[in-house]
Amino acid sequence: MLARMPVVLRFTILAVVGVLVLVVAVLSVWAEGRQRVFEITGLVPDYTVFKPLEMKRFAEAPEPVRLGVAAYNRQEFEEAFDHLMPLAEAGIAEAQYLIGRLHGEGYGVPRDDAKAALWIDKAVVQGYPKAILYKGIMVSNGTGYLQDYEQAVQLFRSIVGNKYANLYFELGRHLYDGLGKKHSKRAGLYYFDTSIMLGGCQALHYLARDFLTYTSGSFYDPFFDPARAKRYLELARERNCPHRLMKLMVLLGLHY
């Protein structure tokens, strides 16, 4: 039947078939790469980073909480504490998390890691994802808790699906640097890229520094690459990220 078709039509059909075969092959390689990342990290390969989480739904914050959050964002921390403390004591998870942050950072109250951990744990018990992320950072740093990288990674993984750039930076950093049982620069880069996609700055600075100082590499690992470092720093400049790498920027001829 194909032999009786016009030559142009035959070539068109063959070309379309060839393109489809190529697309299938590319998708297969891509899927295998993602599968490998999930094997390295221990995550279930559902092929979506932002799978909706089955966790407790938090009702819209009442007006006093919104007032406390607004004061916190204005860096009027004593006012924020006054708004939030009664609500934290009443069991509102968001208020408990923010009171923990205030104690943990020493904002508006004397810094007290033990009190920070106490309030963060109250919010964690309720499944509040930002509190889980903050606890993971505290556990990783050994502030308020015994330092335990593996527990920190488990906490980060438990809330994968939330669109927090800092979450994917922290998870990427632990895998990239081997903080915990698993060490994979490739998996770390995957989470760094996710953090960057969500608008984060930390991964841009981290990778720019690493691509300027890494002296050996393999097929999957980074290597000395000033051009790539410069691209990360240019994106950091476009996003008005803090000037944490000014010396590197000067070295690469970048200026704000």
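The values are calculated or read from the model by the stated rules, or taken from the named source; none is laboratory data. Values in this document were obtained by computation on a predicted structure and should not be read as measured data. In this analysis, Cβ positions are derived from the backbone assuming ideal geometry, glycine residues included, and neighbour counts consider all displayed protein chains. Just the protein is used for accessible areas: all its heavy atoms, side chains included, with ligands, DNA and RNA removed. Shrake-Rupley method; radii C 1.70, N 1.55, O 1.52, S 1.80 Å.
Quick one: ranking D225, D177 by accessible area, 1.4 Å probe, largest first, what do you get?
So the residues, ranked largest to smallest area, are D177, D225.
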| request: List the residues whose amide H sits under 5 Å from the amide H of G106, counting only those 5 or more places along or on another chain, with H placed 1.01 Å from N in the peptide plane. | output: D112
| request: Over segment 74-227, give the accessible area per residue in Å² for a 1.4 Å probe, as an integer. | output: 45 Å²
| task | Give the long-range amide H neighbours of G142: residues separated by 5 or more places, or on another chain, with amide H under 5 Å away, using H modelled in the peptide plane at 1.01 Å from N. | result | D148
| request: Compute the Cα gyration tensor for segment 86-150, then decide on rounded, prolate or oblate, letting a ≥ b ≥ c be the square roots of its eigenvalues: rounded whenever a/c is under 1.5, prolate when a/b is larger than b/c in the other cases, and oblate in all that remain. | output: oblate
| Ignoring ligands, DNA and RNA, what percent of the accessible area of segment 158-202 is carbon or sulfur (1.4 Å)? | 49 percent
| Taking amide H positions as placed 1.01 Å from N in the peptide plane, with prolines and chain starts having none, which residues 5 or more places from V160, or on another chain, fall under 5 Å of its amide H? | none
| query | Within the set K135/K230; K115/K163; K181/K230; K163/K230, which residue pairs have Cα atoms separated by over 29 Å? | reply | K135/K230; K181/K230
| message | Please compute the modelled spin-label separation between N73 and D193, points set 7 Å along Cα→Cβ, answer in nm with one decimal. | response | 3.2 nm
| message | Order C241, C201 by their accessible area, 1.4 angstrom probe, all chains in place, largest first. | response | C201, C241
| remark: Along segment 102-117, Karplus-curve 3J(HN,Hα) (6.51, -1.76, 1.60; θ = phi - 60°) to the nearest Hz, with x for Gly and Pro, reads 4, 5, x, 9, x, 8, x, 9, x, 5, 8, 5, 5, 5, 4, 4
| Given a Förster distance of 35 angstrom, what is the FRET efficiency for R231 paired with T143, based on the Cβ-Cβ distance and rounded to 0.05? | 0.55
| query | For segment 228-242, what does the Karplus curve 6.51 cos²θ - 1.76 cosθ + 1.60, with θ = phi - 60°, yield as ³J(HN,Hα) per residue in whole Hz, taken in order and with x for Gly and Pro? | reply | 5, 4, 5, 5, 4, 6, 5, 5, 4, 5, 4, 8, 6, 5, x
| task | Can you list which of the trypsin sites (Lys or Arg not before Pro) found in segment 58-121 are DSSP loop residues with at most 16 other C-beta atoms within 10 Å? | result | R74, R111
